[in-house]
Amino acid sequence: MAEPDNKDTKAWQGTLIEQVGDVMKKAMEGAPAWLKIVLVIAVAGLLVVALLIAQLFKAEGGTSWSAVLIAVIILIFPLLVIVLILRALKPSPAAWSRSIPKWPLEPDVMAKLNSLLMKGIQKHAYEILHTVDSSLEDRQIRANVFLGDYRQANQGMLCMLKMPDQLQINMNYEPERQVEFQPGQGATGVAFNNGRRTITHRLSTDAGPWEAIYPMTDAQKDAIHKDLKWIISWPLQDAQGETLGVLNLDGLDHEFSDDTLNWVAARLRLNIRAFEEKLAEQPRVTLTIHVEEKGENHG
C-alpha cells in the first residue's frame, strides 16, 4: 500500500481536530462558563500532545496511519472521561411528574372511600369541634377529596383536580361542587404540588379574599361558599410520599384558631392514613411534563 504524503497527514490532522471540536461542543452545551474555559484549555493541550507524539512516531519510521491510530488512542480515553463529567454536570431538563389514581375509580372503591370520608373523618371532626363550640352543627363541617382528571391531556390540559360526587360530604352549595383546580391553584392545588398539609382562613368576615399565597381565578373565588371560614388541606400520599390527591376539611360560619385546627388534624391522623392506604391500592397512571431546550432557530 502506498504511503500517504505530507498533504494526507495534514488532512487527517485537520479532520481529527474538527471531530474533537464537534464532540466537545455538544458535550459542553449547558455547562458553566468557567468549566468550559478550563476544559477547552485541557482538551487543546491533550490534542497538541497527541499530535506531537504522532509526529515523533512518524519521524522514527512509523506510517502516517499508525500515527493517526496513536493520536486517537491518546485522545479517546481522556475525552470519554471529560464527556462523562460534562454530562453529569449538565443541568437536567425541567420536568414535572406525578403518579395518580386512574380516573374514574371503581364504584365499590368509591363507596368504601365515601364511608371512610364521612364516618371516619367528617363525623369525627364534627364531634371534636363540637366539644369546643357547642353551637356548631354537623352541616357546617364539610369534607371533600380532589383527584386528578387527566382525560383532557390530549387537548393540552394535563391534569385538573376535581371532586368526584361520591367524595363530597355536606357540599351542598352547587357552584362549589363543580369547582376545579389546576396543580398550584388554591389551597388544594398548592397542597397537591408541595405535598404539605396547609390551614387556610378567610381574611375578612364578609366573603372577603383568601390568602394571597393561594392563587385562584375570579371564577374559582366566586364559586366558594360565602360562609366558608377555614380549610385544612391534606395531601393524600402513599408509603413513598407520592401525592395522589388532596383531602379538604372545612367549616362554615364558625371560626377556629390554628391551634384548634392543628389539634383536630392530629386527632384525625389515623383516619386520614386509612383513607390514604385505600387510595394507594388503586391502579395508577403517570403524568409527566418534560421540557427540553432545543438549538436556536436562525431561520
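Since every read-out is calculated from the coordinates, none of them should be taken as a lab result. These figures come from a predicted structure and were not determined experimentally. All Cβ positions, glycine included, derive from the backbone under ideal geometry; neighbour counts span all protein chains shown.
For this structure, a couple of remarks:
- Ranked list, fewest to most other Cβ atoms within 10 Å of each Cβ, for Glu137, Glu180: Glu137, Glu180
- Cα-based Kirkwood hydrodynamic radius, region 118-204, one decimal, Å: 14.7 Å
- Region 98-112 - phi-based ³J(HN,Hα) in whole Hz, Karplus 6.51/-1.76/1.60, Gly and Pro as x: 8, 9, 10, x, 5, 9, x, 6, 5, x, 5, 5, 4, 4, 5
- Relative contact order, whole percent, for region 97-290 stands at 28, derived from Cα pairs under 8 Å and 6 or more residues apart.
- At q = 0.09, 0.10, 0.15, 0.17 Å⁻¹, base-10 log of I(q)/I(0) for region 97-290 (Debye sum, equal scatterers on each alpha carbon): -0.30, -0.38, -0.88, -1.15
- Of Lys221/Lys278; Lys112/Lys221; Lys112/Lys162, pairs whose Cα-Cα distance is over 29 Å: Lys221/Lys278; Lys112/Lys221
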